[in-house]
Amino acid sequence: MRIFVLLSRVPYPLEKGDKLRAFHQIKELSGNNEIILCALNPMSKLDKQRAFRELQPYCQSINFIDLPWHGIIWNMAIALFKGIPMQSGYFYSRRAKRKIILLLNEYKPEHVYCQLVRTAEYFIKSDLPKTIDYQDVFSYGLKRRCEKTGFLLKPFFRMEYKRLLKYESKVFDSFDNKTIISLPDRRLIEHPQKEKIHIVPNGVDHGFFSPMEGKRSMSWCLQVIWLIPQMLTRPIS
């Protein structure tokens, strides 16, 4: 099967969760499918050549679409008046849509895979067979942020929360297949048929992470005891 994969960010380097998930899903899918990759690149300093080299073994076609800052601001303003989430506006671009249509006409994919609701706007009205990977429930994250933020920003976060809540249900109805990372995340989706969302958890690369045989010793235990406070106090990037 020829699959068109649309991502909100280039899945390399592998320093963020959505990139890791996308990279390894592409790697696995490429075993029995042709992958046409289209990755948006919003205002990011990216080593495109290195990213291309890392992705090339798994993709028939690799396409990066830059989203300049001035376009992002304009598209977020449009999203504000259209009533869709600002996150959707941040990643949506008419220029990018035109390039995506050209790629679809060239490669004629049999299925479309969109990662995150951020990319759903490009295909929400498309008749192509398509899958959306919610991955996380963005609306719940906004709800928690709204509860903790100051009174000046609270109205903005409340607005975005309500828009995301509505948009996540709209995406559910517009896509043929839906996936998410975990059962607790699926329970947070506000849709009466949310049980139809397939749970696809993140895995472990057993080729890279493998058990090591060895005798336990006091020195090993002391090393672990020393490492624990170091890990707990390390700043989160």
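Observations
- Counted without the sites themselves, the longest stretch of the chain free of trypsin sites (Lys or Arg not before Pro) in a DSSP loop having at most 12 other beta carbon atoms within 10 Å is 126-214.
- Once both labels are positioned 7 Å from their Cα atoms along Cα-to-Cβ, the gap between LYS162 and GLU195 label points is 3.1 nm.
- Listed by chain and number, the lysines whose alpha-carbon sits under 20 Å from that of LYS16, ignoring those within fewer than 8 places in the same chain, are LYS27, LYS45, LYS48.
- Counted by Cβ distance under 12 Å from ILE78, the other residues give a net charge of +1, where Lys and Arg count +1 and Asp and Glu count -1.
- Cleavage-rule hits (GluC sites (Glu not before Pro)) in segment 1-100: DSSP loop, at most 14 neighbouring Cβ within 10 angstrom: GLU15
- DSSP loop chymotrypsin sites (Phe, Trp or Tyr not before Pro) with at most 13 other Cβ within 10 Å excluded, longest remaining stretch of the chain: 1-150
- Note on segment 2-232: percent of Cα-Cα distances in each 5 Å bin, starting at 0 and stopping at the bin with the largest distance, equals 1, 6, 12, 15, 18, 15, 12, 8, 5, 4, 2, 1, 0.
Bear in mind that the values in this text are calculations on the coordinates, not laboratory data. No experiment lies behind these values; they were computed from the predicted model shown. We place every Cβ from the backbone using ideal geometry, glycine too, and count neighbours over all the protein chains shown.
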